[in-house]
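Notes to accompany the following structure.
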Amino acid sequence: RGPVAVIGNPANIPSYINELKGRDTERQVSTFGFLGRLHPVKGIERILYGLSLCAPEKRKRMRLVIMGKGDERYEQFLRDEVKRLDLKENVELCGFVSGRDKFERLAVLDALFVPSDFENFGMIVTEALACKTPVFASLGTPWQELNERECGWWMERTPENIAQVMLQVCDMPTVELNAMGEQ
């Protein structure tokens, strides 16, 4: 019954975005990423579980970069899961990133994963898309357009689905992955 205002939430895309080096056209390793606050509602462990479901010979060609800081206990839980799942060779927790470093890291990813329980919008999705990086977002996010525009995957955030997308990306020719990024 009260007044309602719709206020834009623009992504702050830097002017140097087109100068960034994209993914390697002769990529030997598929690089996946997460960027955001490290907190249980983000569901980052689902990415670890998805990675662990991939066959060991495929995992040798996969790398996951977890960018962010947050809840110290949750971060330790993630480190413990990496160790328990024997993913030490595949996973890097690199801490907080920002500015040009953040955009450079996004630009070289083969896919960004947003497996959150829910997100109101998720600025990181627009930032990754601006870097021509396809995005996997859970159904708990408002990103159904990823499927419609063929620039990512909007699906249930199960480890099985995450593994399926990782394997798809790993086997995808770079030219097709770049076409997704252009979309």
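The values are calculated or read from the model by the stated rules, or taken from the named source; none is laboratory data. Remember, it's a predicted structure, so these values are computed and weren't measured experimentally. In this analysis, Cβ positions are derived from the backbone assuming ideal geometry, glycine residues included, and neighbour counts consider all displayed protein chains. Keep in mind that these areas ignore ligands, DNA and RNA; they rest on the heavy atoms of the full protein, side chains included. Shrake-Rupley method; radii C 1.70, N 1.55, O 1.52, S 1.80 Å.
Quick one: in the stretch 1-24, of everything that is open to solvent by 40 Å² or more (accessible area, probe 1.4 Å) and closer than 22 Å to Asp110 by Cβ, which residue is modelled with the highest pLDDT?
Going residue by residue through the stretch 1-24, those that are open to solvent by 40 Å² or more (accessible area, probe 1.4 Å) are 1-10, 12-13, 15-16, 18-19, 21, 24.
Next cut, closer than 22 Å to Asp110 by Cβ only: 13, 16, 18-19, 21, 24.
Numbers: Ile13: 86, Tyr16: 92, Asn18: 87, Glu19: 88, Lys21: 84, Asp24: 77.
Restricting to residues being open to solvent by 40 Å² or more (accessible area, probe 1.4 Å) and closer than 22 Å to Asp110 by Cβ, the top hit is Tyr16.
Surrounded by 13 or more Cβ atoms within 10 Å (Cβ to Cβ) and free of Cβ contacts under 8 Å to residues at least 60 places away in the same chain: which single residue out of Phe32, Phe103, Phe96 fits that description? Walk me through it before giving the result.
Values: Phe32 fails: free of Cβ contacts under 8 Å to residues at least 60 places away in the same chain; Phe103 fails: free of Cβ contacts under 8 Å to residues at least 60 places away in the same chain.
Selected residue: Phe96, the only one of Phe32, Phe103, Phe96 that is surrounded by 13 or more Cβ atoms within 10 Å (Cβ to Cβ) and free of Cβ contacts under 8 Å to residues at least 60 places away in the same chain.
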Worksheet entry | Test: residue in the stretch 49-61 that is under 19 Å from Val135 (Cβ atoms) and either modelled with pLDDT under 95 or open to solvent by 70 Å² or more (accessible area, probe 1.4 Å) (or both) | no
Worksheet item: Could you list, in sequence order, the residues of the stretch 146-166 that are touching a strand residue (DSSP E or B) at 6+ places or on another chain (Cβ under 9 Å), surrounded by 15 or more Cβ atoms within 10 Å (Cβ to Cβ) and not polar (S, T, N, Q)?
Response: Leu146, Cys151, Gly152, Trp153, Trp154, Met155, Arg157, Ile162, Val165, Met166
Discussion item. Between a residue in the stretch 125-138 that is over 18 Å from Lys42 (Cβ atoms) and any residue that is open to solvent by less than 10 Å² (accessible area, probe 1.4 Å) and among the β-branched types (Val, Ile, Thr), which pairs come within a Cβ distance under 8 Å, given they are 6 or more apart or on different chains?
Written reply: Leu129/Val135; Pro134/Val169
Item to complete: Any chance you could count how many residues in the stretch 139-181 are touching a residue at least 12 places away in the same chain (Cβ under 8 Å) and of a type in the set (Asp, Glu)?
Response: 3
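Restricting to the stretch 128-183, and then to whatever is of a type in the set (Asp, Glu) and in contact with a Leu (Cβ under 7 Å, 6 or more places away or on another chain), can you tell me which residue is modelled with the lowest pLDDT? Give the derivation first.
Taking the stretch 128-183 as the starting set, the residues that turn out to be of a type in the set (Asp, Glu) are 145, 148, 150, 156, 160, 171, 176, 182.
In the following step, the residues that additionally are in contact with a Leu (Cβ under 7 Å, 6 or more places away or on another chain) were identified as 156, 160.
On the way: Glu156: 95, Glu160: 98.
Here the answer is Glu156.
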